[in-house]
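Chemist: Got a structure for you, written out below as structure tokens; questions coming shortly.
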Amino acid sequence: MSEYSPFDIEEKWQAFWETNKSFKTPTQPGAKKAYILDMFPYPSGSGLHIGHPLGYTATDIYSRFKRMNGFSVLHPMGYDAFGLPAEQHAVNTGEHPSIITHKSCETFTTQMKRIGLSYDWDRELKTCTPDYYKWTQWIFLTLYNSWFDEKQQRARPIAELTIPPEIQSAGELATQRYQSEHRLAYMADAMVNWCPGLGTVLSNEEVIDGRSERGNHEVVRKPMRQWMMRITKYAERLISELSTLDWPEAIKEQQRNWIGKRHGTEITLGIEGSSETVTVFTTRPDTLFGVTFVVLSPEHRLVQAITTESCKKAVENYRTEAAKLSDFNRTLETRQKTGCNTGAFAINPISGDKVPVYVADYVLMTFGTGAVMGVPSHDERDFVFAKNYNLEVRPVIRPASESPEIVANTLNGESAWTETGTMLQCNKPVAKQLGLEGKQNTEAASLINQWLTDAKHGRVVVSYRLRDWVFSRQRYWGEPIPIIHWEDGIVTALSNEELPLVLPEVVDYKPSESGESPLAKSPEWLSVVD
């Protein structure tokens with residue numbers, strides 16, 4: 001052959017493969033089996049992009065190699081077919097999102113066949129069809145009807161959860177609330193990325209610089225009632241079982257950092273002139289005598305409760321601006337640390353010191369307790385914040401450093417020392433009682449922890465960066481959640497035999513301004529008779 005003619009050769013063999021189902025998965029018993037699964041693409045109207053065949057070519061080569069070595073190969077393709085783009089098209093045009101979705105799937109299939117990828121097209125899946133999302137609903141119900149047993153470190157049926165007698169005697173609603181506090185799938189108020197322009201909650205990946213990736217609409221952070229997945233219960237297993245995976249060590253370390261296990265102390269501080277208290281988390285109880293301020297997340301429930309009248313307007317304006325920022329942008333190290341004084345004061349339980357309470361966007365409600373104690377002499381971030389707002393920098397640890405300059409800068413409040421050293425300024429009654437002066441800060445931390453525990457002002461805890469996963473969306477084009485909310489407050493789940501719960505037809509695909517799903521506009525579907 002003098003030259004390669006793709007139109008002659010490829011079309012001939014693609015037609016042959018199509019007619020003869022050359023890549024249909026063989027079912028002969030006893031054959032060696034290989035299951036080779038690609039990521040399902042989202043079927044956008046523009047068709048494949050270069051990243052799709054980039055990955056699919058590699059798995060296709062491997063599939064062909066396995067077939068040539070006598071394996072029965074299952075190599076399917078499917079489409080991640082629910083999602084916001086099709087729904088936004090429906091909002092704009094009034095056309096049902098399934099129409100454009102199925103057209104896009106057909107385009108993708110045609111293109112992948114033209115490339116010559118060896119999929120078993122009899123196994124093609126679309127996640128928007130009831131015969132598929134029946135099983136995602138089944139998975140949801142399995143999680144909803146399960147709780148995590150801490151002792152056995154595994155999930156168990158919710159029916160096996162022991163209900164305390166005083167809860168049982170309070171009635172069915174009390175029992176349900178108790179179960180909800182343990183179910184692996186549960187409803188809770190959670191901070192989400194709300195996009196009024198799109199009428200839906202967005203994932204962090206869908207928000208760029210405070211605006212939606214699709215449509216460039218403003219996105220704000222606000223609390224909304226959401227379905228959550230209690231993945232935090234698996235934090236310890238996720239860490240300990242990483243050792244069983246044949247992954248590169250760098251990837252494992254990324255996972256450990258994502259889970260973020262930390263040993264620390266929760267400390268309860270009183271609020272001057274109030275019955276309210278605030279709980280902070282710290283990994284450095286040895287620096288407790290150096291606290292000169294407390295910072296709350298803008299979303300913290302105490303902000304409204306403790307802010308003084310003279311500070312309310314400034315604090316409310318600050319919270320409004322903070323709501324426009326993503327968690328990622330709020331915690332960038334390169335970003336200036338800003339805050340706003342609430343006018344309130346917290347009382348340090350171990351020293352009796354009265355310190356100002358600020359609200360600051362670099363503190364996240366989803367991390368720790370949503371409140372931190374500011375120790376500018378021994379924390380770089382706190383040091384920068386204190387300098388910005390002319391707050392006291394009080395060193396309480398003498399650096400274990402041979403550099404006179406470092407020691408002098410720390411003792412003069414000109415820099416933060418974050419390493420080990422010996423305790424200073426231990427003239428407070430409790431410090432004298434514990435004999436902290438001159439002790440190593442690590443030893444002092446243990447003594448302070450013991451005092452906090454005995455005095456019921458704190459406790460030693462294990463904390464994780466990992467947070468429960470928000471997985472619901474205020475939209476129509478997605479699998480409905482098979483839960484019924486009755487008028488008397490009782491909640492029941494559909495049985496597996498009643499699945500799938502199929503999406504109804506709706507007239508209007510746009511969510512309400514308050515965030516209610518378009519499904520709320522389908523009374524025939526919403527109304528259920530027991």
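The values are calculated or read from the model by the stated rules, or taken from the named source; none is laboratory data. A quick note: this is a predicted structure, and the numbers were derived from the prediction, not measured. Because the Cβ atoms are built from the backbone with ideal geometry, glycine has one as well, and the counts that use them run over all protein chains shown. For accessibility, only protein heavy atoms count, side chains too; no ligands or nucleic acids. Shrake-Rupley method; radii C 1.70, N 1.55, O 1.52, S 1.80 Å.
Chemist: Give region 172-195 a look and list any residue that's within 20 Å of R301 (Cα to Cα), touching a helix residue (DSSP H, G or I) at 6+ places or on another chain (Cβ under 8 Å) and not aliphatic (A, V, I, L, M), or say none.
Modeler: Passing the criteria: only N193.
Chemist: Test of understanding: among H49, H102, H75, which residue is without any contact (Cβ under 8 Å) to a residue 12 or more places away in the chain and out of contact with any strand residue (DSSP E or B) (no Cβ under 6 Å at 6 or more places or on another chain)?
Modeler: H49
Chemist: Still on this structure, please answer the following. Residues in region 16-61 that are in a loop (DSSP other than H, G, I, E, B) and open to solvent by less than 90 Å² (accessible area, probe 1.4 Å): how many?
Modeler: Count: 16.
Chemist: Select from region 110-127 the residues that are outside any helix (DSSP H, G or I) and touching a residue at least 60 places away in the same chain (Cβ under 8 Å) and write down the one among them that is most open to solvent (accessible area, probe 1.4 Å).
Modeler: Here the answer is L125.
Chemist: Right, here's the next one. Does region 112-141 hold any residues that are of a type in the set (F, W, Y), closer than 30 Å to R67 by Cα and under 31 Å from the mean Cα position of the chain (by Cα), and which are they?
Modeler: Y132, W135
Chemist: Let me ask you something else. Which ranges mark the strands (runs of 3 or more DSSP E) fully within region 255-334 that have 1 or more residues being open to solvent by 50 Å² or more (accessible area, probe 1.4 Å), over 30 Å from N427 (Cβ atoms) and of a type in the set (D, E, K, R)?
Modeler: 262-271
Chemist: Being of a type in the set (S, T, Y) and in contact with a Gly (Cβ under 7 Å, 6 or more places away or on another chain) is the filter here, so list the residues in region 303-350 that pass it.
Modeler: T307, T308, S310, S326
Chemist: Continuing with the same structure: Check whether at least one residue in region 324-334 is aliphatic (A, V, I, L, M) and more than 26 Å from V460 (Cα to Cα), and report yes or no.
Modeler: There is at least one residue in region 324-334 that is aliphatic (A, V, I, L, M) and more than 26 Å from V460 (Cα to Cα).
Chemist: Which of the following residues is at pLDDT below 95, under 30 Å from E87 (Cβ atoms) and not charged (D, E, K, R): L434, L499, L503, L424?
Modeler: None of the others qualify; the one that does is L503.
Chemist: Considering only residues that are in contact with a strand residue (DSSP E or B) (Cβ under 8 Å, 6 or more places away or on another chain) and touching a residue at least 60 places away in the same chain (Cβ under 8 Å), which ones fall in region 393-405?
Modeler: Answer for region 393-405, where residues must be in contact with a strand residue (DSSP E or B) (Cβ under 8 Å, 6 or more places away or on another chain) and touching a residue at least 60 places away in the same chain (Cβ under 8 Å): V396, I397.
Chemist: Within region 412-429, count every residue that is aliphatic (A, V, I, L, M) and either more than 14 Å from T287 (Cα to Cα) or touching a Leu at 6+ places or on another chain (Cβ under 7 Å) (or both).
Modeler: Looking only at that region, the number is 1.
Chemist: Continuing with this model, one more query. Name the residue that is most open to solvent (accessible area, probe 1.4 Å), counting only residues in region 335-364 that are in a loop (DSSP other than H, G, I, E, B) and of a type in the set (A, V, I, L, M, F, W, C).
Modeler: Filtering first and then ranking leaves L364.
Chemist: Scan region 480-501 residue by residue and report those that are open to solvent by 70 Å² or more (accessible area, probe 1.4 Å) and in a loop (DSSP other than H, G, I, E, B).
Modeler: E487, D488
Chemist: May I ask you to say which residue of E181, E172, E124 is over 30 Å from E516 (Cβ atoms) and among the acidic types (D, E)?
Modeler: It is E124.
Chemist: Inside region 128-149, can you point out the residues that are assigned to a loop (DSSP other than H, G, I, E, B) and crowded, with 19+ Cβ neighbours inside 10 Å?
Modeler: Within region 128-149, C128 is the sole residue that qualifies.
Chemist: Are there any pairs with C-beta distances below 9 angstrom linking a residue in region 161-188 that is over 26 Å from S472 (Cα atoms) to a residue that is surrounded by 15 or more Cβ atoms within 10 Å (Cβ to Cβ) and among the polar types (S, T, N, Q), with the two at least 6 apart or on different chains, and if so which?
Modeler: I163/T175; I163/Q179; I167/T175; Q168/T175
Chemist: Among the residues of region 371-402, count how many are in contact with a helix residue (DSSP H, G or I) (Cβ under 9 Å, 6 or more places away or on another chain) and not aliphatic (A, V, I, L, M).
Modeler: Of the residues in region 371-402, 11 are in contact with a helix residue (DSSP H, G or I) (Cβ under 9 Å, 6 or more places away or on another chain) and not aliphatic (A, V, I, L, M).
Chemist: From S472, S401, which residue is closer than 30 Å to R256 by Cβ, at pLDDT below 90 and more than 33 Å from the chain's Cα centre (by Cα)?
Modeler: Checking each option against the conditions leaves just S401.
Chemist: Looking at region 62-109 only, could you name the residues that are over 30 Å from the mean Cα position of the chain (by Cα), open to solvent by less than 30 Å² (accessible area, probe 1.4 Å) and of a type in the set (A, V, I, L, M)?
Modeler: Once the filter is applied, which keeps residues that are over 30 Å from the mean Cα position of the chain (by Cα), open to solvent by less than 30 Å² (accessible area, probe 1.4 Å) and of a type in the set (A, V, I, L, M), region 62-109 yields only V73.
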